[in-house]
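Trainee: First the structure, which I've put down as structure tokens, then a few questions once you've had a look.
The numbers here are math on the coordinates, done by the rules we state, and not lab data. In this text, all values refer to a predicted model and were calculated from it rather than measured experimentally. As a convention, Cβ positions derive from the backbone with ideal geometry for all residues, glycine included, and neighbour counts pool all protein chains shown.
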Amino acid sequence: MDVKTLLAQMMEQQVSDIFVIAGLPLTYAAGGQHVRLDTPAFTPDDTAHFVEDLYAIARRDSTPFIQSGNHDDDFSFSIAGMGRFRANIFRQRGSYSAVIRLIPFQLPDPEALHIPPQVMKLAELNKGLVLVTGPSGAGKTTTLACLIDRINHTRSGHIITMEDPIEYIHRHGTCIVTQREIPTDVATYPEALNSAMREDPDILLLGEMRSAETVSTAVSAAEMAQLIFSTLHTMGAASTIDRIIDTYPATQQHQARLQLSMTLQAIVSQQLIPTADNKGMIPAFEIMVCNSAIRTLIRDAKTHQIDSAIASGKAEGMQTMDQSLFNLCTAGLITQSAALQYSSHQSALEHRFAAGQDE
């Protein structure tokens, strides 16, 4: 199997992910569905050769991964005239496997991706912390790429991104765009963030807040008048805030709440829902914009009341996940059963469907 030819074919078919796993034929994901090719199943030797070819195409040495005993390796690479690819190489049942994410060269169109205008409006902020949250594969990186691209073409400044690995390539627009890959360009997120603070940044994109040190540094940087975008693998504003606070020692949590209440600007939580025609996926968004009421709830450790504050904040561009699902369903974009499956409060959403109206 010629790996480069395969990647070209998959890109033409607008595949999102390719799975290379021993015991299965080549499998790909498109439109939210997994498709298995009618080809022989990979053997462990097949997957090992495939992985070696991937490293060769990416012009990377596979030796450090193979000899280190590490369980997985992440990297990205480009093929001229084709696109970018993010590869995750890992071991399972004693053999090598790979999952490859396909990323077109062109930056995504937020309108075509159904990203709400109130999310894109966050590109107008000048300082503070904006978090995009959700499970893996929910489109967080794509949403952030749209926001960075909007900033890059509507204002001036220095944008620094810190990503593991770099997916979308941003060319200099009206802004200077510096993209640093972890660990190729800099060893760790905390090191990259500390370094960025000495590089006259206006906008920072931190690929993921993975550690307590990264969280603390990011919140402090947002306090210093930088605009910072980052992600967490949480669902919902309330749980995201609790996750951040829990990274601090108990003796520092009160101060952390105070600091976060002043620096946090918005939390966008998203998930991908199968479309009504089963031909693709569409995002649903919970949007929390920090107003004085929400800042008070954060400061006073009353995050359990944030959902209610979001539900009543429609005039300020806010919406709950269930409101988003309801709207998608009434527009005919997703089914009622899918809306209920992905809802935060299923019984309340069922009641709303029965009543036939939004809140």
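Trainee: Just want to confirm a number: the relative contact order over the chain, from Cα pairs under 8 angstrom separated by 6+ residues, in percent. Mind dumping the intermediate values first?
Mentor: Numbers: 641 pairs, mean separation 46.7, N = 359.
About 13 percent, as a whole number.
Trainee: What length, rounded to one decimal in nm, is gained on full extension from ARG299 through to ASP185, with 0.36 nm per residue of separation minus their alpha-carbon distance?
Mentor: Working: separation 114, 0.36 × 114 = 41.04 nm, distance 3.71 nm.
Separation in residues times 0.36 nm, less the Cα-Cα distance, equals 37.3 nm.
Trainee: Further question on the same structure: Report the one residue of PRO283, GLN118, ALA238 whose Cα lies farthest in the direction of the positive end of the charge dipole of the stretch 117-319 (charges on C-beta: Lys and Arg +1, Asp and Glu -1; origin at the Cα centre).
Mentor: GLN118
Trainee: Rounded to the nearest 20 Debye, what is the dipole magnitude of the stretch 136-230 about its Cα centre when Lys and Arg each give +1 and Asp and Glu each give -1 at the C-beta? If you can, show how the numbers build up before the last one.
Mentor: Details: 7 positive and 13 negative charges, 60 e Å.
Value, rounded to 20: 280 debye.
Trainee: Give me the distance between the Cα centres of the stretch 223-265 and the stretch 28-80, rounded to whole Å.
Mentor: With the stretch 223-265 and the stretch 28-80 each reduced to a Cα centre, they are spaced 36 Å.
Trainee: Sticking with this one: For HIS170, HIS304, what ranking results if the residue with the fewest other Cβ atoms within 10 Å of its Cβ goes first? It would help to have the intermediate numbers written out before the result.
Mentor: Numbers: HIS170 19, HIS304 10.
Ranking HIS170, HIS304 by Cβ neighbours within 10 Å, fewest first, gives HIS304, HIS170.
Trainee: Can you sort ASP38, ASP17 from fewest to most other Cβ atoms within 10 Å of each residue's own Cβ? Kindly include the intermediate steps, with their values, before the conclusion.
Mentor: Values: ASP38 6, ASP17 17.
Ascending Cβ contact count within 10 Å gives the list ASP38, ASP17.
Trainee: Among PHE285, PHE75, which comes first, second and so on when ranked by fewest other beta-carbon atoms within 10 Å? Spell out each step's value before the answer.
Mentor: Values: PHE285 24, PHE75 20.
Ordered by Cβ neighbours within 10 Å, fewest first: PHE75, PHE285.
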